[in-house]
Amino acid sequence: MNQQLLAKTFVELADNLVADFDLIDFLRLLTDRCVSMLDASAAGVLLADRDGKLRVMAASDERVRLLELFQLQNDEGPCLECFRTGTSMIVPDLTREVDRWPRFVTAAHRSGFGAVQALPMRLRDETVGALNLFHTTPGPFDPAGTLVAQALADVATISLLQQRSAHRSTVLNEQLQTALNSRVLIEQAKGKLAERQNTDMERAFTALRGYARAHNRRLSDVARAFIDDSEPLPGLVA
């Protein structure tokens, strides 16, 4: 494990509640670093909205995003159970859980995954979501890696809840609602860019995100400008 990158990640996750805090980019950072540091094949984050309904807020690739949506639509899977119970779900071999989650196991195998870890995003008695790590092949998980993943989820949760002490009923809900609205814009921009440049959705997202970071702009603002054609975006290439 890259210790320098791990330390940098903890700092980045702990230092994101600023005036221009971008929740989607924050959570995508979490999923990307889990994949790059913890030997996970893919990662996703589910968060509860103001009504307590889980939403897919980040995914390291399109396969995971669709699989997370499948869980929500079918009300079945380890990530949902993790959120509802507030406890981790460690599944080193999904074939052994086919009776427990028959539809999810089938969908996971179809997407190329054989194992999953679902870790609660929880602070004390409050669970706001789940961090989910997917692996292509079944097998035991590294206990040290699981501890690191849970620590990353905990730091991210603390960052998300940090301002709730002053505005408990509004801050996170407003951030989540803004993020949900931004997510729609970004998905539309991904589709438009992928079609226009004849590429896939993941490369389109990487291009939009890279452009936003290179120009010090919010990802949702770049997506909106691209959808509306309201300004030129030179160099935006997937």
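Val116: assigned to a strand (DSSP E or B) and touching a Leu at 6+ places or on another chain (Cβ under 7 Å), yes or no? So Val116 fits the description; yes.
Here are some residues: Glu231, Glu202, Glu187. Which one is in a helix (DSSP H, G or I) and either more than 23 Å from Phe21 (Cα to Cα) or in contact with a helix residue (DSSP H, G or I) (Cβ under 7 Å, 6 or more places away or on another chain) (or both)?
On the way: Glu231 fails: in a helix (DSSP H, G or I); Glu187 fails: either more than 23 Å from Phe21 (Cα to Cα) or in contact with a helix residue (DSSP H, G or I) (Cβ under 7 Å, 6 or more places away or on another chain) (or both).
Only one candidate passes the filter, namely Glu202.
I'd like to verify a number: residues in the range 44-81 that are crowded, with 24+ Cβ neighbours inside 10 Å, of a type in the set (Gly, Ala, Ser) and over 17 Å from Phe205 (Cβ atoms), how many? Of the residues in the range 44-81, 1 are crowded, with 24+ Cβ neighbours inside 10 Å, of a type in the set (Gly, Ala, Ser) and over 17 Å from Phe205 (Cβ atoms).
For first residues located in the range 82-98 and open to solvent by less than 20 Å² (accessible area, probe 1.4 Å), partners that are at pLDDT below 95 and acidic (Asp, Glu) and lie 6+ apart or on another chain with Cβ distances below 9 Å form the pairs Gly86/Asp125; Gly86/Glu126.
Among residues of the range 130-150 that are open to solvent by 20 Å² or more (accessible area, probe 1.4 Å), those with a beta-carbon under 8 Å from a residue that is in a helix (DSSP H, G or I) and of a type outside the set (A, V, I, L, M, F, W, C) at least six positions away or on a different chain give the pairs Pro138/Thr95.
Close contacts from the range 217-234, counting a first residue that is open to solvent by 30 Å² or more (accessible area, probe 1.4 Å) and a second that is part of a loop (DSSP other than H, G, I, E, B), with Cβ to Cβ under 6 Å and a gap of 6+ residues or different chains, come to Arg218/Asp22.
Each row is one residue, and each column tells you yes or no for (1) within 15 Å of Ile227 (Cβ to Cβ); (2) open to solvent by 60 Å² or more (accessible area, probe 1.4 Å).
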| residue | (1), (2) |
| --- | --- |
| Ser182 | yes, no |
| Gln188 | yes, yes |
| Leu193 | yes, no |
| Arg196 | yes, yes |
| Asp200 | no, yes |
| Phe205 | yes, no |
| Tyr211 | yes, no |
| Ala214 | no, yes |
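Within the range 26-43, the presence of at least one residue that is open to solvent by less than 20 Å² (accessible area, probe 1.4 Å), assigned to a helix (DSSP H, G or I) and free of Cβ contacts under 8 Å to residues at least 24 places away in the same chain is confirmed.
Of all the residues that make up the range 88-111, how many are in a helix (DSSP H, G or I), of a type outside the set (Ser, Thr, Tyr) and farther than 27 Å from Val148 by Cα? The qualifying residues number 4.
The values are calculated or read from the model by the stated rules, or taken from the named source; none is laboratory data. Please read these numbers as outputs of a predicted model, since none were measured by experiment. All Cβ positions, glycine included, derive from the backbone under ideal geometry; neighbour counts span all protein chains shown. Side chains are part of the model used for accessible areas, which takes the heavy atoms of the whole protein and leaves out ligands, DNA and RNA. Shrake-Rupley method; radii C 1.70, N 1.55, O 1.52, S 1.80 Å.
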